[in-house]
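Remarks on the structure that follows.
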Amino acid sequence: MATSPDDKTMEHTFRRFEDGDYKWDNMAEKIFLEDTSYKCPTYIQKTPPCQGGCPAGEDIRGWLQIVRGIEKPIGFEAPAGDLSKEEKEAIALKQMQEYAFYRSTEANPFPSMMGRVCPAPCQDSCNRNDVDDFVGINAVEQYIGDNGIDLGLTFDDSAPLSGKKVAIIGGGVAGLTAAYQLRKMGHASTIFDDHPQLGGMARYGIPGYRVPRDKMDSEIERITRMDSVDVRLNTRVGKDVSVEELENEYDAILWALGCKNGRGLFVDNWNDVPNAVTAVKFLEAFNLGNMKYTAPKVVCVGGGDTSIDVVSVSRRIGTIEGYNEHPEDTATGKSTHENNPENKLPTEVTLTSLFPLDQMTAAEHEVQDALKEGVTILTEVMPTEIVVDESGRAIGLKVVEAEMDGNMPKPKEGGKETLIEADLIVSAIGQFGDLEGLEEFGNERNAIDADQFYQVPGKEKHFAAGDIIRPHLLTTAIGQASIAAETINEYFTSKKFSKRPKVDKHHFDLLENLEMVGRDPKPFEEAKTDDLRGTDSLDFAVHNFDDRSEHEIVASSELFLGHFEKVDRILRPEDVPSADEVLGHFHERMAGLDDNLAKAEAERCMSCGMCFECDNCVIYCPQDAVYKVPPAKSSTGRYVATDYDKCVGCHICADVCPTGYIEMGLGG
């Protein structure tokens, strides 16, 4: 029979093995005698690739399982029987939303904000990409965060105070995360920031149509309302407060001051041209409300998310007829626009990038949105010269076709040159720290060095986290701040730092989960017997379970992908204006999912490395050896167990396990 064209393009089937697979890959597997072996199923928790790819280390699999209804809230009780169906559903929904929020915020205290703006490396890592499309992790995270705000959920600050105080320099996401994590450990902190409001680059670099300020304010206030988290605004360390004063008053100092200086273009006359500014200054002026319109022709050099914000803002604020200002004055804070005039005109905006469109470092949907909004994007070009008039002001930017030579761009031989007319040139090619008054802490990159524990080398009780180490994502700053907080806690207690795990994330802890519900194993001395053979019937351990999440990330090749049907990803509603609609359009760009859609998207999660209670192993075991753990003893990760008197080691349970949670281990 001929093979149909459809079969030739099939991505995965319901078969575990391909045609021709009749030999084991290694001798360790080759132990079968007919349908039996000396192996038995073991239950192995591993890190899912979404969490492995998340710089903040969130337990993404965990809170997706909660939203979809598999993992129930700790101490969950069904609503009283005399309530109506609708009342019961409302109570259960609220319990789920609270549980998901607190699981999510163990690692990231900003789920509403990050669900909107994080470029989501977790989604790039998602194993579901090998089936159809990644799980919409950001969409569900936004749902969780918005619910937390709507429900008025707060953070627990009941941990007894240790008497230790930490000075945190910088009120961006790194500094705020550190204050949050330290308070959970019992340590007080004071956040110093030289701006009038907290938020750092999230507030002064990201426009409000991407992160609504009411959502940001709610998530920040949730942290600052915690007991013994103090804030000193409009205070610059190194000027208003000396480092020596901090060292005398505080037990540790965390440098989380970010990188608020932008890099200029690598062209000869950058520093001589007045109407050439950095993206950091441009966006801060807009977000402070000081710049309400700009020049008629704006050119931005970049390709990352910051450059997309510059060009999108430029298209939204537009220009005015007869514009005769110096645009750099408002873009750098030298002057402000008091009024927002009506009858604005569209600004002509061009973005240049070193890389092809599909390789730009900005999130793909942000690039596509910018194109829809009327931004012209020139790719694979580099700037070579700022063209100026007789007064020295820029009138254009000359670019040439370029190629990469290692990590550096170079003009392509015989490449085409293009002159882009410009009234304002904005550089969005990188950032560095503002260490004026703190020069002793800076390195050659105007950043602060930190070791693997985020301690500043050679500086007793000084630590660092976030962009001031190396500019990266907001989620990276959140993850670094969490580790820095753990390091500071160890510094207070022992001054010896524990070796960080290979997979350094906020992992689900089965034993901790069992303890919370009163189902933890008994002490060994209490449970042991004279004959310790066949201890699977005793209660001093979770038998044949191993937590390898600190060492291994589960690959899609370890899953039974045939279990999963193709299901289209549920997209969030977007309000992206066209080129004709963008002027004055400041509505939120990304709306959230409702309860049903969030649950449906969470159900696309394949629960890599953790049981999601599909019953395959119970159904397909020919010996009835695999059974469900009684409800009184079960929990997430402890849904099934094995009767080893019945098990013959046939491997079927491992073969049909969709999540890679079951592995065959030597036993008897």
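Here are the numbers for this structure:
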read-out	value
Scope the stretch 42-68; condition assigned to a strand (DSSP E or B) and open to solvent by less than 10 Å² (accessible area, probe 1.4 Å); matching residues	TYR43, ILE44, GLN45, THR47
ASN287 vs. criteria crowded, with 18+ Cβ neighbours inside 10 Å, within 14 Å of SER427 (Cα to Cα), in contact with a helix residue (DSSP H, G or I) (Cβ under 7 Å, 6 or more places away or on another chain) and modelled with pLDDT of 95 or more	no
Which listed residue is under 30 Å from ALA90 (Cβ atoms), modelled with pLDDT under 95, open to solvent by 40 Å² or more (accessible area, probe 1.4 Å) and under 27 Å from the mean Cα position of the chain (by Cα), from GLU603, GLU574	GLU574
Criterion (farther than 23 Å from ARG210 by Cβ and either in contact with a helix residue (DSSP H, G or I) (Cβ under 7 Å, 6 or more places away or on another chain) or of a type in the set (Asp, Glu) (or both)) met by exactly one of ASP124, ASP82	ASP82
Meets criteria (part of a strand (DSSP E or B), free of Cβ contacts under 8 Å to residues at least 24 places away in the same chain and not hydroxyl-bearing (Ser, Thr, Tyr)) for GLU403	yes
Single residue of the stretch 345-383 satisfying the filter (open to solvent by 20 Å² or more (accessible area, probe 1.4 Å) and acidic (Asp, Glu)) that is nearest to the chain's Cα centre (by Cα)	GLU364
Hits in the stretch 202-228 (condition: of a type in the set (A, V, I, L, M, F, W, C) and touching an Asp or Glu at 6+ places or on another chain (Cβ under 7 Å))	ILE206, MET226
Evaluation of GLU141 against (1) under 26 Å from ASP467 (Cα atoms); (2) at pLDDT below 95 (one fails), failing number	(2)
Long-range neighbours under 7 Å by Cβ, at least six apart or interchain, first residue without any contact (Cβ under 8 Å) to a residue 60 or more places away in the chain within the stretch 436-458, second among the aromatic types (Phe, Trp, Tyr) and in a loop (DSSP other than H, G, I, E, B)	PHE453/PHE497
Residue count, the stretch 121-135 (criterion: in a loop (DSSP other than H, G, I, E, B) and surrounded by fewer than 24 Cβ atoms within 10 Å (Cβ to Cβ))	4
Hits in the stretch 302-317 - residues which are open to solvent by 10 Å² or more (accessible area, probe 1.4 Å) and not acidic (Asp, Glu)	GLY302, GLY304, THR306, ARG315
Pairs with Cβ under 7 Å, 6+ apart, first in the stretch 560-580 and within 21 Å of MET590 (Cβ to Cβ), second surrounded by fewer than 14 Cβ atoms within 10 Å (Cβ to Cβ) and among the hydroxyl-bearing types (Ser, Thr, Tyr)	none
Subset of the stretch 140-174 [touching a Gly at 6+ places or on another chain (Cβ under 8 Å), of a type outside the set (Val, Ile, Thr), buried (at least 24 other Cβ atoms within 10 Å of the Cβ) and assigned to a helix (DSSP H, G or I)]	GLU141, GLN142, TYR143, GLY145, ALA174
Residue tally, condition buried (at least 21 other Cβ atoms within 10 Å of the Cβ) and out of contact with any Lys or Arg (no Cβ under 6 Å at 6 or more places or on another chain), over the stretch 623-634	1
Residues that are in contact with a helix residue (DSSP H, G or I) (Cβ under 8 Å, 6 or more places away or on another chain) and surrounded by fewer than 21 Cβ atoms within 10 Å (Cβ to Cβ), drawn from the stretch 318-332	THR332
Complete set of residues in the stretch 287-334 that are of a type in the set (A, V, I, L, M, F, W, C), in a loop (DSSP other than H, G, I, E, B) and within 28 Å of PHE355 (Cα to Cα)	ALA295
Flag if SER494 is at pLDDT below 90, touching an Asp or Glu at 6+ places or on another chain (Cβ under 9 Å) and within 22 Å of GLU550 (Cβ to Cβ)	no
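The values are calculated or read from the model by the stated rules, or taken from the named source; none is laboratory data. Please read these numbers as outputs of a predicted model, since none were measured by experiment. Glycine gets a Cβ as well: all are built from the backbone with ideal geometry, and neighbour counts include every protein chain shown. Surface accessibility is based on the protein's heavy atoms, side chains included, excluding ligands, DNA and RNA. Shrake-Rupley method; radii C 1.70, N 1.55, O 1.52, S 1.80 Å.
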